[in-house]
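Structure first, then comments.
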Amino acid sequence: MIFFVYVIIFSAFGNTVVSLIGAFILGILKDLWEGQTLGISAFSYILVTYGIHLYKRKFNAHSAGFLFFASLVTIILSELIGANGKELSIGRVLWSVPLIVAILTVWFIVRKIWAPPYGGKKLSV
Amino acid sequence: MSRQRNQYWQLFVFLVVVSLTLILGDQRGWWNSFRGLIETRIVARRVNHTETDKQKISQLESKITSLENTTKNLEDENTALRKQLEAPLPPKLHFIPGYVISLEVTADDAFLKAAAGGTDGVKKGMGVLSETMLVGFVTDVTPRISTIQLLSSSKSRVSVATSNGAKGLVVGTDEKDRPDMAIIDRVLQTEPLTVGDKIITSGEDDIPPNLLIGEVSEILSESRDPFQRAKITLYAKPRDLKRIFIIGNEQ
């Protein structure tokens, strides 16, 4: 669940090629570590990354609102698919809300601290 | 710009095809040798061999409970003048040992990951023990790792009997974060069910009978209900488990 949020943030702010390859590698490593079907996480992360890439082409993907909404929708979809026809675990979905907010808050704080002054532009004398 | 977009699209399609090939291959066991090699290293990292005092005490307590059960079985068998006075489990059973890697408890599921997999002979549906206590059933297997659904999972179902002879079904509980709790359900109103009753397997689910499960801790049903229900405290404490034994095929 937490990895989806990271993948979305990375896709929104990073280079598309790097994001796609990164998402694929992250998915493979996660499946190996968790003992899941190999490739299943990689597949879902690639779909999410490409979805964000398509969105980025027309709209601003850097807004906190979009990142929150995209993370929540992705988690709900993954839970629905994971439930495999059984009842959706509402508890897990609700639990994801503070998790997403926490990760996004940390991300924006870190970004604010590390952002170069004057938007990264060199000032002319 | 258009060329770059085309490049993204090609990379996306390529990675999707690779992922789908990996999924298909994994389900057909094409990568088992490679995966087994990697999982051997992962398991070595994830299995923690050091035991805390609490875990040691818990293991000793489990051993005492097992010994008590063994003693009772032996006494029963003595009374009945049976010839086999050894262990409560049939000696022809084959056990596959495995170290516990992790415990995962969600709102509606509870499972363990253990370092024993397909290469050790583990298959889906096999029962899992700690001493003579039933822990759960194998639901997923990779070459080196098994996923074990605990009895406390809401998806788990086991046919059981009580020490007073009542028959029922142990199902998981919806209570959050309680991997050591379950519910005994489907006990007829005419059968006796009281707090303190011991729950054992009845042997109807392809697992040996008389495996310890837990003890009735609270009666939940009322006399007007069609069946009796009760909360049970499981003997096997998943949080303290270090090693489990998977019941393999009979030798």
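Laboratory data are not the source of any read-out in this text; all were calculated from the coordinates shown. Treat the numbers as computed from the prediction; the structure is a model and nothing was measured. Reconstructed Cβ throughout: ideal geometry from the backbone, glycine too, with neighbour counts over all protein chains shown.
Taking DSSP loops as anything outside H, G, I, E and B, show the longest stretch in chain A free of trypsin sites (Lys or Arg not before Pro) there with at most 16 other beta carbons within 10 Å.
With a cap of 16 other Cβ atoms within 10 Å, the longest stretch comes to A:1-85.
For A:Glu34, B:Glu191, B:Glu131, what's the fewest-to-most ordering of other Cβ within 10 Å of each Cβ?
Lowest count first: B:Glu191, A:Glu34, B:Glu131.
Which ordering of A:Leu104, B:Leu134, B:Leu112 is given by a fewest-first count of other beta-carbon atoms within 10 Å? Could you put the intermediate results ahead of the total?
Details: A:Leu104 18, B:Leu134 28, B:Leu112 24.
Ascending number of Cβ neighbours within 10 Å: A:Leu104, B:Leu112, B:Leu134.
Past 29 Å, Cα to Cα, is the threshold; run B:Lys72/B:Lys155; B:Lys72/B:Lys123; B:Lys167/B:Lys237; A:Lys56/B:Lys155; A:Lys30/B:Lys237; A:Lys58/A:Lys112 against it and keep the listed order. Walk me through the intermediate numbers first.
Numbers: B:Lys72/B:Lys155 31 Å; B:Lys72/B:Lys123 32 Å; B:Lys167/B:Lys237 23 Å; A:Lys56/B:Lys155 41 Å; A:Lys30/B:Lys237 27 Å; A:Lys58/A:Lys112 25 Å.
Pairs exceeding 29 Å: B:Lys72/B:Lys155; B:Lys72/B:Lys123; A:Lys56/B:Lys155.
Roughly speaking, what is the stretch gain from B:Asn164 to B:Leu67, that is 0.36 nm per residue apart minus the C-alpha to C-alpha distance, in nm to one decimal? Please list the in-between numbers first.
Details: separation 97, 0.36 × 97 = 34.92 nm, distance 1.99 nm.
Stretched out fully, the B:Asn164 to B:Leu67 stretch lengthens by 32.9 nm.
Across the protein assembly as shown, what fraction of all alpha-carbon pairs, as a whole percent, falls in each successive 20 Å bin from zero upward?
That works out to 23, 47, 23, 6, 1, 0, in percent per bin.
For segment B:206-251, calculate the relative contact order in percent as a whole number, restricting contacts to Cα pairs under 8 Å that are 6 or more residues apart.
After rounding, I find 32 percent.
Along the charge dipole of segment B:113-199, pointing to its positive end and built from +1/-1 on Cβ of Lys, Arg, Asp and Glu, which listed residue (B:Val135, B:Leu150, B:Gly118) has its Cα farthest out?
B:Gly118
Run a plain Debye calculation on chain B (Cα atoms as equal point scatterers, no solvent) and give log10 I(q)/I(0) at q = 0.12, 0.13, 0.15 Å⁻¹, rounded to two decimals, same order as the q list.
-0.76, -0.86, -1.08
For chain B, which DSSP H helices look membrane-span-like by this rule: Cα extent along the axis of 15 Å or more and mean Kyte-Doolittle of at least -1.0?
Flagged H segments are B:2-28, B:32-46.
Over segment A:1-112, how many percent of alpha carbon pairs lie in each 10 Å bin up to the one with the longest distance?
It works out to 14, 44, 35, 6, 0, in whole percents.
Can you list which of the trypsin sites (Lys or Arg not before Pro) found in segment B:197-244 are DSSP loop residues with at most 11 other C-beta atoms within 10 Å?
B:Arg224
Counting only helical runs of four or more DSSP H residues, what would the 222 nm mean residue ellipticity of chain B come to if each run contributes -39,500 (n - 2.57) and the total is spread over all its residues?
That comes out to -9500 deg cm²/dmol.
With charges only on Cβ, +1 for K and R and -1 for D and E, what is the dipole size of the protein assembly as shown about its Cα centre, in debye, rounded to 20?
Rounded to the nearest 20 debye, it is 2340 debye.
Provide the net charge surrounding B:Lys237, with neighbours chosen by a C-beta distance below 9 Å and charges set as Lys +1, Arg +1, Asp -1, Glu -1. Numbers along the way, then the final one.
Numbers: positive: B:Arg239; negative: B:Glu61, B:Asp180, B:Asp240.
Neighbourhood net charge equals -2.
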